[in-house]
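Heads up: the structure comes next, in structure tokens.
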Amino acid sequence: MSTEIPGVVVRELGRFSDNRGWLTELFRADELPDGFLPVMGYVSLTHPGVARGPHEHRDQTDGFAFLSGTFRVTLWENRPGQERRKVAMLCGENNPVFMIVPPGVVHAYENVGDTDATVLNFPNQLYAGQGKKEPVDEIRHEEIDSEFKL
């Protein structure tokens, strides 16, 4: 999409929907003009009673902004040499936070409120790499043992 102002880029955003809600990528570094350097950002909407995760990353660090609704965020320490532990907290409209989750920490969040709620994510790596042509850095843990369940 072009504009009448030189240097201004306007790109339509796609929405990827499934039974959990929707996700929209706000920007990707491989789609930005030279000199604009954020790596990636996206917003996702999660329906009430729905959880996303648990999963972890080998190399990626996630930066989450929980600003709306009520989410129960659960984190599990899974890095070698670290004590195994679980932490859960409520985040969202009544407790807005920006959270950085490093590689090796399993993370999940569930919308425990009664309305749809959104999360912003600013990872330090592109989803599926340059041009979405690389393996996704994600280790799924849906079958995690009962001690560490949501």
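Quick notes on this one:
- Enumerated strands (runs of 3 or more DSSP E) restricted to the range 80-120, each holding at least 1 residues that are free of Cβ contacts under 8 Å to residues at least 24 places away in the same chain: 86-92
- Qualifying positions in the range 58-100 - farther than 25 Å from Leu126 by Cα and either among the basic types (Lys, Arg) or touching a Cys at 6+ places or on another chain (Cβ under 7 Å) (or both): Arg72, Arg84, Arg85, Lys86
- Hits in the range 93-131 - residues which are farther than 15 Å from His55 by Cα and over 14 Å from the mean Cα position of the chain (by Cα): Glu93, Asn94, Asn95, Pro96, Val112, Gly113, Asp114, Thr115, Asp116, Gly129, Gln130, Gly131
- Evaluation of Glu134 against (1) within 18 Å of Gln60 (Cβ to Cβ); (2) over 13 Å from the mean Cα position of the chain (by Cα); (3) modelled with pLDDT under 90 (one fails), failing number: (3)
- Residue match in the range 81-102 (condition: more than 24 Å from Leu13 (Cβ to Cβ), buried (at least 17 other Cβ atoms within 10 Å of the Cβ) and not hydrophobic (A, V, I, L, M, F, W, C)): no
The values are calculated or read from the model by the stated rules, or taken from the named source; none is laboratory data. Bear in mind that the values here come from a model prediction, so they are computed numbers and not experimental data. Counting neighbours? That spans all protein chains shown, and the Cβs are built from the backbone with ideal geometry, glycine included.
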